[in-house]
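Read the figures in this text as sums done on the coordinates, not as results from a lab. These numbers were taken from a predicted model, which means no experiment stands behind them. In this analysis, Cβ positions are derived from the backbone assuming ideal geometry, glycine residues included, and neighbour counts consider all displayed protein chains.
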Amino acid sequence: MSCMNSQTNHKSLSSSMKHNKKRLNQDQVKLLESYFDSNKKLEPERKLELARDLGVPPRQIAIWYQNRRARWKSQSLELHNSALQVKLDSALAEMKTLETEMAKLREELKRRAEEMSLIGGSSLALHQTGVSSISPNYNSSCCDEGMSSSFKDEGLLHFDELYGSLVGVEDGSNSSSSWANRKDFWV
């Protein structure tokens, strides 16, 4: 039986030694935190000084510092990733807005191209150049003298004459200058 007692005593002694490690109290942690805030790397001289001031083994200071530095790196990575996620979300939202705007502009361009092809397809709307349809190339340029359209510059289509010929169809005349004198045109 004495053999069992000695084994039990030995087990309790070794387990009490394991649990006998001093945990750092709040004041000790505050001191370590303040030093960590000012210096992320623990110098050997400072480790010995902190161990002496706090009354704990230097190894415990080193382990606390290592764990704290690992937590700090994880937190800084989380902050960095959060900032990147915000930027990504912002870029995705902007891209979605631009895609929506592009779709609207494509629809508008398609609608206008259809209108232009309807206008350009009319035999009365053709100018003397003999062009039967309007090219979907809507390039316009601005020069020092003012705005100019590539359609007008190339003589492909004169909108004044085009509108005049369309208005002339309604009232029976084909005069390109009669449309400008109508009072209800700008109303």
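Taking a ≥ b ≥ c as the square roots of the eigenvalues of the Cα gyration tensor, the range 21-111 is prolate, since a/c reaches 1.5 or more and a/b is larger than b/c. Once the chain from Glu101 to Gln75 is taken as fully extended at 0.36 nm per residue, the excess over their C-alpha distance is 5.5 nm. Remark: for residue pairs Lys47/Lys73; Lys41/Lys73; Lys30/Lys87, the C-alpha separation exceeds 24 Å in Lys30/Lys87. Give, as a single signed number, the net charge of other residues whose beta carbon lies under 14 Å from the beta carbon of Thr97, with Lys and Arg counted +1 and Asp and Glu -1. Here the charged neighbours net out to -2.
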